[in-house]
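See below for the structure under consideration.
The values are calculated or read from the model by the stated rules, or taken from the named source; none is laboratory data. Values in this document were obtained by computation on a predicted structure and should not be read as measured data. All Cβ positions, glycine included, derive from the backbone under ideal geometry; neighbour counts span all protein chains shown. Just so you know, the surface numbers come from the protein's heavy atoms only, side chains and all, with ligands and any DNA or RNA stripped out. Shrake-Rupley method; radii C 1.70, N 1.55, O 1.52, S 1.80 Å.
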Amino acid sequence: MSRRRIGFWYRFAAVLCKPPLMVLIKRDWRGMENIPAEGGFITAVNHNSHVDPFAYGHFQYNTGRVPRFLAKSGLFRKGFVGAAMRGTGQIPVYRESTDALSAYRAAIDAVERGECVAFYPEATLTRDPDLWPMTGKTGAARVALQTRCPVIPVAQWGANHLLAPYAKKPDLLPRKTHQVLAGPPVDLSRFYGKEMTPDLLKEATEVIMAAITAQLELIRGEKAPATPYDPRQVRIEQRRRTRGKEEARVHEEQETAVQEKTAQGNTAPEKAVREMTEVEHEKGHGK
């Protein structure tokens, strides 16, 4: 099967979601010609707003190749949302469980069936202060090297103006523009046929993230930082600073204790001399 039909649930979701998106967001979409017309492939997309999965999904839907997102397993369990997630063929991610690898296997199966699987390689909203893509997780690279499918880097910008990362209220006016630029497939051929070691997957992921960042530079008209924001390294540095401050505090307390003890030691002889002088003085008056 070269490609999956859109199906009832996806069309129904489009009927519900497209009208408000059309009202809230203007569109500047480019690069649709880079979306494969047939066969399975991956899109690797940056993430800077809780709204952008819907905005990007609208773009991808209009290409005729609907995406299968990887989403938290809790969304699939019950109610209308669960039915829609299952009906549209989204892929549940079971974190920290015995089923944690099932999303990886399901993504491979979907690509091999001729579908589009959409990855947010950052795995969460970017924490870069200027909203550039962070370092990525290796899931997209792993699926790409396993299947040797095309990986299309997709950059998006503008949904973050409608709803900033971690903001609770949207900024509706003036009407925002959602920009999307899909680039040509990422060349991962130099990694084919090699053992998928952690180092190799990390390097392939860096190539994918660099391609996404390059597309976003074209949209924003500016250069990204030379080194991507790395949440893990930031956490390590924060823990190091915290540990350093704690060690400095303990050292200061120890220094203070030593100084107090020294002061007490120096005062004892002085006190003894003073007491002896007072005794001698009293004896003198007694005479």
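Could you give me the ³J(HN,Hα) list for region 135-149, computed from phi with Karplus coefficients 6.51, -1.76, 1.60 and θ = phi - 60°, whole Hz, x at Gly and Pro?
My calculation for region 135-149 gives 5, x, 7, 8, x, 4, 5, 4, 5, 4, 6, 5, 9, 6, 7 Hz in order.
Can you work out the accessible area per residue across the chain, with the rest of the protein chains kept in place, probe 1.4 Å, in square angstrom?
Working: 17080 Å² over 287 residues.
Value returned for the chain: 59 Å² of accessible area per residue.
Just to confirm the filter: which trypsin sites (Lys or Arg not before Pro) across region 75-135 are DSSP coil and have at most 16 other Cβ within 10 angstrom of their Cβ?
Numbers: sites: 77, 78, 86, 95, 105, 113, 127; in loops: 77, 78, 95, 113, 127.
Taking region 75-135 and a limit of 16 other Cβ atoms within 10 Å, the loop trypsin sites (Lys or Arg not before Pro) found are 77, 78, 95, 113, 127.
Given contacts defined as C-alpha pairs under 8 Å and at least six residues apart, what's the relative contact order of region 15-152, whole-number percent? It would help to have the intermediate numbers written out before the result.
Working: 175 pairs, mean separation 47.7, N = 138.
Relative contact order for region 15-152 comes out at 35 percent.
Show the residues, 5+ positions off or on another chain, whose built amide H is closer than 5 Å to the amide H of residue 91.
When sequence neighbours closer than 5 places are left aside, the close amide H contacts are 69, 70, 71.
Under 8 Å for C-alpha pairs, at least 6 residues apart: give me the relative contact order for the chain, rounded to a whole percent. The partial results should precede the final answer.
Working: 409 pairs, mean separation 65.7, N = 287.
Taking the mean separation of contacting Cα pairs over the length of the chain, I get 23 percent.
Starting with the highest mean, order 13-19, 192-198 by the number of other Cβ atoms within 10 Å, averaged over the residues of each peptide. Let's see the in-between values first.
Values: 13-19: 13.7, 192-198: 9.1.
My ranking of the peptides, most packed first, is 13-19, 192-198.
With the cut-off at 28 Å, tell me which of the pairs 26/137; 26/168; 72/168; 137/223 have Cα atoms farther apart than that.
Numbers: 26/137 31 Å; 26/168 21 Å; 72/168 20 Å; 137/223 22 Å.
Over 28 Å Cα-Cα: 26/137.
Specify the residue with the greatest mean-square fluctuation among 244, 40, 183, computed from a Gaussian network of the chain linking alpha-carbon atoms under 10 Å apart.
Result: 244 has the largest fluctuation of those listed.
Keeping all protein chains in position, work out how much accessible area residue 132 exposes to a 1.4 Å probe, and write it in Å² to the nearest 10.
The value for residue 132 is about 10 Å².
Explain nothing, just the number: relative contact order of region 127-236, from Cα pairs under 8 Å at least 6 residues apart, as a whole percent. Please list the in-between numbers first.
Working: 128 pairs, mean separation 45.4, N = 110.
It comes to 41 percent, rounded to a whole number.
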